[in-house]
Structures are given as C-alpha cells and as structure tokens.
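The values are calculated or read from the model by the stated rules, or taken from the named source; none is laboratory data. Everything quoted here is computed from the prediction, not taken from an experiment. Backbone-built Cβ (ideal geometry, glycine too); neighbour counts: all protein chains shown. Note: accessible area is taken over every heavy atom of the protein model, side chains too, but ligands, DNA and RNA are not part of it. Shrake-Rupley method; radii C 1.70, N 1.55, O 1.52, S 1.80 Å.
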Amino acid sequence: MTNALEIKNLVKTFGGLTATDDLSFDIKEGQSVGIIGPNGAGKTTVFSQIMGELKQTSGQISLFGKELGNLPTAERIRLGVSRTYQIPRPFMDLSVLENIRVGLMPNSIWRMLIEGPNQDRETQLAFDVGFVEDDLEKPASDLSMGDLRKLELARTIATGAKVLLLDEVFAGLTTGEIAQISTLVQNLRAKGFTLLMVSHDLPALEPLVDYVIALERGRMITAGTFNEVINDDTVRASYLGQE
C-alpha cells in the first residue's frame, strides 16, 4: 500500500507555545488511524495544518506523495482531503440537500450554471448517511446533534476526498447516535476511505481504527494498536490519569 498522508517533523508555534512539536507519522491508503490525547495536546491543530487552515511553522505534509507546501484549503480538498469539525458547521438556513450541494459544487461556476445541481447525487449521499425522504428539505437548524454529525459526514464525502479527517464525531451524542455514526464510519472503511480520527470516546474509537497515535503537548508519546497505546504507562499517566 502507498501512503495517503505523510507528516514529517511538523512544528506549529504560537508565540512561546508549541502546539505541534516535531510530529511525524504516515497513513497508508485505506487505513483508519486514531489520535488521542488530553485537551491541549494539539490534535485539532494537526487537522488544521493538514487542511491549510493553519500554516505550519516548519515540517512537511504530503498527500498521495504530493507535498502540500502553502497550498490553500480549497486546493487541498481538490487533491483529496477533507474534514469534519468538533462543532458542526453547516449552513443553518439551508436544507439538508442544499448543504450537501455545497460540497458537490463543481470547481467552475460556469459548469454549475450550465448543468445545474446534481440532485440525484445529493439525495443518494443523504440516504447513505442515514437520512430519510422526510429529512431532505429540513433546514439544518432543525436537526438534532446526531443528524448534524451525519450531515457533516455527507458534506465531507461530497467533496470527493478519499482522506477524511474526522474530529470528535461522537461528541455530544447519545448512545444510540454513537452506534449510528460508528456504523457509518465502518461503512466508509469498507469503501476504501482513508480515515484519521480524533476522539475522546475511547470505547467508540477502539473498533474503528487499525492503530492509534497518542499526543501530549504536541508531541507523540507512543503509537501502536489500540490496546498497546491505552496500556502504555506514559499514556495512562498523562491521558487516562492513572499511575
């Protein structure tokens, strides 16, 4: 398998604070990898650098062998990476279908004007993440947190990206909603997507990942299988609060 994502010596500083400290890892195509760590460990900061929302201080980020350099976020999405957010960011006044349409929007505004919206594709994506016919015209403002998470996934998939960065997709959900999102993530794995997941919900994360990276203060503590990482003495002390 080839590498879908490569991170080399990634550093991000904010004044005197180092948020990402010489971080290196790679993910092969089709793998699902978890990132864990306490609040402030730099997990979301890594996502923001991969997407170009934050510029790294130093280090390299490569996607399918292409070094991303200073490419803007839109270009990175075009090359095949997209993300969700801890707090869903839909257009609250738009319907489920209209929100998905934003992700499907062609690069050329002229093509969009000529061809019009691809409603069949929008509808299929909505159904794929668990919406039903009655949900399609609902404004995002009327959705539950579980449905907002599903809409975030649909919008992310709609970009055409094959590397998906999933940031705390279980946060704020009920047990039943966690089970639904877990099934959706398992389906994405089965379809060959490459996944990088940040989650504080370790029981939900465990069955979804091939291996786990543990961070503390922007540095990698350890990496390995889920059980190897959560049983690591340093991880237990720094993250799980156990000696």
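When only the Cβ of Lys, Arg, Asp and Glu is charged (+1, +1, -1, -1), the dipole of the stretch 1-73 relative to its Cα centre reaches about 100 debye. Counting 0.36 nm for each residue step from A171 to S141 and taking away their Cα separation leaves a gain of 9.0 nm. In the set (i) 18.1, 63; (ii) 17.0, 49; (iii) 21.7, 68, the label that goes with Rg and Dmax of the Cα atoms in Å computed for this structure is (i). Applying a DSSP loop filter and a limit of 14 other Cβ atoms within 10 Å to the GluC sites (Glu not before Pro) in the stretch 16-73 leaves E53.
The 3J(HN,Hα) values that the Karplus relation (6.51, -1.76, 1.60; θ = phi - 60°) gives for the stretch 178-184 are, in residue order, 4, 4, 5, 5, 4, 4, 4 Hz. Gly and Pro appear as x. Within the straight-line cut-off of under 15 Å between alpha carbons, the aspartates and glutamates reachable from K55 are D21, D22, E67, E75, sequence neighbours fewer than 8 places apart in one chain being disregarded. Computed from phi, the 3J(HN,Hα) profile of the stretch 69-82 under the Karplus parametrisation 6.51, -1.76, 1.60 (θ = phi - 60°) reads x, 9, 4, x, 4, 4, 6, 5, 4, 4, 7, x, 10, 8 Hz, with x in place of Gly and Pro.
Heavy-atom surface analysis with a 1.4 Å probe gives the chain a carbon and sulfur content of 50 percent of its accessible area. Any idea what the relative contact order of the chain is, in percent, if you count C-alpha pairs under 8 Å spaced at least 6 apart? The value is 27 percent. Applying 0.36 nm per residue to the separation of L79 and N187 and subtracting their alpha-carbon distance, the gain on full extension is 36.7 nm. Which of I7, A154, L165 sits closest to the plus end of the dipole of the chain, meaning its Cα is farthest towards the positive end, when Lys and Arg get +1 and Asp and Glu get -1 on the C-beta? Looking along the dipole axis, the top candidate is I7. Charge dipole (Cα centre; +1 on Lys/Arg Cβ, -1 on Asp/Glu Cβ; no other charges) of the chain amounts to roughly 760 debye. Starting from the Cα gyration tensor of the stretch 159-224, take the square roots of the eigenvalues, sort them a ≥ b ≥ c, and report rounded, prolate or oblate (rounded when a/c is under 1.5, otherwise prolate if a/b is larger than b/c, else oblate). Oblate.
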